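> Pasting a structure here, questions to come.
The values are calculated or read from the model by the stated rules, or taken from the named source; none is laboratory data. Note that the structure is predicted; figures quoted are calculated from it, not measured. Note that we place each Cβ from the backbone using ideal geometry, even for glycine, and neighbour counts take in every protein chain shown. Remember, those area values only see protein heavy atoms, side chains included, never the ligands or the DNA or RNA. Shrake-Rupley method; radii C 1.70, N 1.55, O 1.52, S 1.80 Å.
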Amino acid sequence: MYLKNLPHKTVERLSQYRRALLLTLSKEKTHVFSHEIALMLHITPVQVRRDLMLIGYSGNLRKGYDIKELIELIGRIVDTEKGQRVAVIGLGNLGKAFISYFKGKRNKLTIIAAFDVNPEKINRGFDGVTVYHINSLVEVVKKHNISIGIITVPADQAPDIAEALVEAGVKGILNYSPKPLNVPPYVYLEEYDMITSLEKVAFFAKKNDERFK
Ligand code: ATP
């Protein structure tokens with residue numbers, strides 16, 4: 001199921017709604033109201049209702065939303081039926097942390113390969129993931145039908161890696177390097193620079209520190 005023009009932020013929140021709903025489901029509840037979801041995610045009930053309207057879901061006024069039904073619907077929108085395969089490029093501290101953290105978290109997204117240049121890291125598995133030499137990236141990505149690449153190499157290497165991933169035919173890239181990348185419009189790019197995020201927090205922490213002295 002593919003919904004055209006779903007805002008990026010809505011897609012992000014759908015993933016958060018599903019996580020919150022799964023937690024609620026384990027508490028043996030069958031229905032949930034928009035204000036309950038909103039409370040868990042620290043957003044407004046209007047936001048929740050607006051997002052769910054965009055995916056064509058309306059709850060029962062008296063009982064709220066059917067949790068199981070909503071989890072299933074979000075799955076049909078966010079996931080693909082067969083699941084998607086993911087590769088991590090750069091098996092340094094960050095690449096390893098990502099692989100270990102993500103392991104077993106989502107059954108429709110599987111990290112099946114990692115790539116590196118360091119001979120000591122290649123041809124041995126890491127946490128169940130096979131590690132290949134970067135030179136075989138295009139071949140392995142095509143052969144195993146990998147559709148998403150996560151970039152965790154040093155910044156100066158990132159543009160070449162992105163180019164290789166595009167050539168190999170991936171449909172999405174998550175860039176963890178601080179180097180902004182260019183990709184063609186048919187590849188979805190998400191950039192996450194941890195250092196900028198921490199600096200942003202540090203800036204507001206400093207401001208609050210001064211304000212509440
Ligand atoms: P380590 O010290 O174990 O290498 P690190 O996190 O300090 O870890 P970084 O310098 O950030 O290492 O590099 C991240 C990883 O990216 C390393 O494993 C490195 O070997 C790898 N790497 C560097 N250049 C490339 C490249 N062109 N292609 C693939 N992997 C690369």
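> Gly169 - would you say it is under 19 Å from Tyr188 (Cα atoms) and either of a type in the set (Gly, Ala, Ser) or within 13 Å of the ligand (Cβ to nearest atom) (or both)?
Spelling it out, Gly169 is indeed under 19 Å from Tyr188 (Cα atoms) and either of a type in the set (Gly, Ala, Ser) or within 13 Å of the ligand (Cβ to nearest atom) (or both).
> Would you mention how many residues in the range 57-100 are in a loop (DSSP other than H, G, I, E, B), within 16 Å of the ligand (Cβ to nearest atom) and surrounded by 17 or more Cβ atoms within 10 Å (Cβ to Cβ)?
Number satisfying all stated conditions: 2.
> Within the range 101-126, which residues are in a strand (DSSP E or B) and either within 15 Å of the ligand (Cβ to nearest atom) or small (Gly, Ala, Ser) (or both)?
Ala113, Ala114, Phe115, Asp116, Phe126
> Given the criteria within 16 Å of the ligand (Cβ to nearest atom), over 27 Å from Gln16 (Cβ atoms) and open to solvent by 20 Å² or more (accessible area, probe 1.4 Å), does Val153 qualify? Outline the logic, then answer.
Working: within 16 Å of the ligand (Cβ to nearest atom): yes; over 27 Å from Gln16 (Cβ atoms): yes; open to solvent by 20 Å² or more (accessible area, probe 1.4 Å): yes.
Yes, satisfied.
> Still on this model: Pull up the range 166-198, narrow it to residues that are of a type in the set (D, E, K, R) and modelled with pLDDT under 95, then point me to the one that is least open to solvent (accessible area, probe 1.4 Å).
Among those that are of a type in the set (D, E, K, R) and modelled with pLDDT under 95, it is Asp193.
> Residue by residue through the range 122-141, note down the ones that are surrounded by 13 or more Cβ atoms within 10 Å (Cβ to Cβ) and more than 15 Å from Leu91 (Cβ to Cβ).
Val138, Val141
> So, Val140, is that one within 15 Å of the ligand (Cβ to nearest atom), in contact (Cβ under 8 Å) with a residue 12 or more places away in the chain and under 20 Å from the mean Cα position of the chain (by Cα) or not? I'd like the intermediate steps shown before the answer.
Numbers: within 15 Å of the ligand (Cβ to nearest atom): yes; in contact (Cβ under 8 Å) with a residue 12 or more places away in the chain: yes; under 20 Å from the mean Cα position of the chain (by Cα): no.
So Val140 does not fit the description; no.
> Contact list please: Cβ distance under 7 Å, first residue in the range 79-93 and modelled with pLDDT under 95, second residue of a type in the set (Val, Ile, Thr), pairs at least six apart or on different chains.
Gly83/Thr110
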